[in-house]
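The values are calculated or read from the model by the stated rules, or taken from the named source; none is laboratory data. Model, not experiment: these values are computed from the prediction. A quick note on method: Cβ atoms are made from the backbone with ideal geometry, for glycine too, and the neighbour counts reach across all protein chains shown. All accessible areas refer to the heavy atoms of the entire protein, side chains included, with ligands and DNA or RNA removed. Shrake-Rupley method; radii C 1.70, N 1.55, O 1.52, S 1.80 Å.
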Amino acid sequence: MRVRPITPELFVDGLASRIASASPEGRIRVALDGPPPAGASPLSTAVSDNPLAGPGPLASVLVDELRLRGRPARVVPANGFLRAASLRFEQGRTNPDAFYTDWLDEPGLRREVLDPAGPGGTGRILPSLWDPATDRASRAGYEPLEPTAAVLVTGGFLLGGALAFDVTVHLVVSPGALARRTPADWAWTLPAWRRYADEVDPAGWADVVVRADDPLHPALVERE
């Protein structure tokens with residue numbers, strides 16, 4: 001593999017062009033996968049305190065870039081598809097294994113977003129299913145997708161499981177940078193991110209991999 005430094009602007013431009021040109025006649029499902037500190041990269045220095053927020057700011061920038069290329073886009077944060085607190089916290093509120101395996105409602109995300117946005121799907125998605133703040137159904141309404149829409153799902157632990165994506169993007173944050181940039185009250189999640197990297201190795205096979213330790217100096221990981 002080769003690591004190539006790239007400006008945030010060029011990274012976003014290249015990624016937007018790749019997404020816009022994929023499946024030009026139909027919808028496309030894109031995973032923007034990474035831990036919360038990855039949300040600072042690129043083109044934004046804001047770090048989210050949302051435990052599964054991942055590269056949300058990147059998705060916001062991509063929406064505008066994709067529209068300029070004629071590809072409408074919708075952002076679906078994975079944090080809107082958490083399981084109920086009674087299930088998430090069954091092993092305690094700070095259990096890293098439960099955080100890794102039990103927090104994200106994969107069946108709900110697949111049923112309400114990925115399947116409808118996929119080939120032969122209804123084209124109507126639910127932007128969120130659960131409100132983790134109130135621990136109740138979000139009461140969001142179904143939204144129709146344009147025939148060529150890009151659905152950008154943002155969050156962590158999106159790859160290597162039962163979720164179907166057409167393009168996978170993984171933002172890598174090294175263990176040291178992740179430890180430094182994770183708020184103290186979320187430090188208990190660090191073993192979960194290490195387990196994800198070890199068991200799934202998203203940096204080894206995702207379609208697009210970018211190192212995001214420094215939000216102003218990303219680096220593309222290219223396979224030779």
| request: Hey, can you find the accessible area per residue of the chain for me, probe 1.4 Å, expressed in square angstrom? | output: 45 Å²
| Seen from all sides and averaged, what is the projected area of the convex hull of the Cα atoms in the stretch 122-171, in nm²? | 4.8 nm²
| Peptides 163-171, 120-128, 29-37 ordered by average Cβ neighbours within 10 Å, highest first | 29-37, 163-171, 120-128
| request: With label points built 7 Å along Cα→Cβ from the Cα atoms of residue 207 and residue 2, find their separation and express it in nm. | output: 2.2 nm
| field | Cβ-based charge dipole, the chain, positive-most Cα from 10, 193, 73 | value | 73
| request: May I ask you to work out the translational diffusion coefficient for the stretch 94-181 at 37 °C, viscosity 0.692 mPa s, via Stokes-Einstein with Rh from the Kirkwood sum over Cα pairs, reported in whole µm²/s? | output: 219 µm²/s
| task | Return the carbon/sulfur percentage of the accessible area of the chain, one whole number, probe 1.4 Å, all protein chains in place. | result | 52 percent
| field | the stretch 160-224 - convex hull of alpha carbons, volume per residue in Å³ | value | 109 Å³
| Point-charge dipole on Cβ atoms (K/R +1, D/E -1) for the chain, about Cα centre, debye to 20 | 200 debye
| note | The percentage of Cα-Cα pairs in the chain separated by more than 31 Å is 16 percent
